[in-house]
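In what follows, a structure is listed as structure tokens, so that the remarks can point back to it.
The values are calculated or read from the model by the stated rules, or taken from the named source; none is laboratory data. These numbers were taken from a predicted model, which means no experiment stands behind them. Backbone-built Cβ (ideal geometry, glycine too); neighbour counts: all protein chains shown. Protein only, heavy atoms only, side chains kept; ligands, DNA and RNA dropped before computing areas. Shrake-Rupley method; radii C 1.70, N 1.55, O 1.52, S 1.80 Å.
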Amino acid sequence: MRIAFRFKLIPFIAMLLLVALGVSLGQWQDRRAAEKSAREARLAAGNAAAPLNVGAAPLSASEAEFRRVSVSGEFVAGWPLYLDNRPYKGRAGFYLLMPLRVAGSDMHVLVARGWLPRDMAERSKLPDYATPSGPVTVQGVARLNPGHVMELGSQPPLTPRAIVQNADAATVGAASGLRFQPFVLEQTSRDAGETAQAPGPLVRDWPAPALGVEKHRGYAFQWYALAAMAFLFFVITGFRRGNK
């Protein structure tokens, strides 16, 4: 039996397109995995480093992200914001955001003070909580934003006590006219008067960053496998045509 390979133009073009697609998307997923690996390294380094004392001098987002930080100042109690659609252990609720004016300056830090449950019977009702008055020192972890959720329709303007889907330091600064450091501080320290036995209404059990490095590597493998299968299918079916 004579074995021969019969070249066909249309299958060859289809194979090239699939190989190019698979390799291109695989490389894209590899780059995403590398970016997430770098963020993972920064997270580990930030946890190991000494706390960063935040003052009036502007910081870059890259030097603050994932760092443990400490800032002293006073809360701007008249500018709370409530991030909606932030469930916790199966319960609907908000993240409470509030500016904190750095002591002795006009610089502010946007503090995610904690999670509050939502009243499902009266959804517009805001939960009760206390805001410390006077100088405080708040400790926590710096994040570029408090997480992003899908928005359906147009978001209401950022005004004090607004219930919104998303907000960060830049958007709150634009709406309020206040100067902000370029990150959100996820508060881990307790407010005055709170103890382990009486923690208060604000829950500060923040979710760990979802980096998903292995997910991107898995996707990259699938795309490379698609490219390899397209090439092998073209070769094998070409030899089958020759036999036939």
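Points to keep in mind about this one:
- Charges were assigned to the Cβ only: +1 to each Lys and Arg, -1 to each Asp and Glu. The resulting dipole of the chain about its Cα centre is roughly 1640 debye.
- Distance between modelled label sites at Ala34 and Leu17, nm, 7 Å Cα→Cβ extension: 2.9 nm
- Between Ala121 and Phe221, the modelled label-to-label distance comes to 5.2 nm, taking each label 7 Å out from Cα in the direction of the beta carbon.
- Label-to-label distance for Asp205 and Glu151 is 3.0 nm, based on points extended 7 Å past Cα in the beta-carbon direction.
- Added length on full extension, which subtracts the Cα-Cα distance from 0.36 nm per residue, Asn53 to Arg190: 47.6 nm
- Computed E for Glu63/Ser105 - FRET, C-beta separation, R0 22 angstrom, nearest 0.05: 0.75
- Over the chain, DSSP H runs of length four or greater, each weighted -39,500 (n - 2.57), average out per residue to a 222 nm ellipticity of -12000 deg cm²/dmol.
- Neighbour cut-off at most 11 other Cβ (10 Å), DSSP loop, trypsin sites (Lys or Arg not before Pro), the range 97-166: Arg123, Lys125, Arg161
- The residues of the range 111-244 have, on average, 59 Å² of accessible surface per residue, using a 1.4 Å probe with all protein chains present.
- Out-of-range pairs (alpha-carbon distance over 29 Å; input Lys89/Lys215; Lys36/Lys89; Lys36/Lys125): Lys36/Lys125
- Per-pair calculated FRET efficiency, R0 = 35 Å: Ser24 and Thr237 via Cβ, rounded to 0.05: 0.90
- Relative contact order computed over the chain (Cα-Cα under 8 Å; 6+ residues apart), in percent: 30 percent
- For the chain, DSSP calls about 75 percent of its internal beta bridges antiparallel.
- Among the protein heavy atoms of the chain, carbon and sulfur supply 60% of the accessible surface, probe 1.4 Å, non-protein parts ignored.
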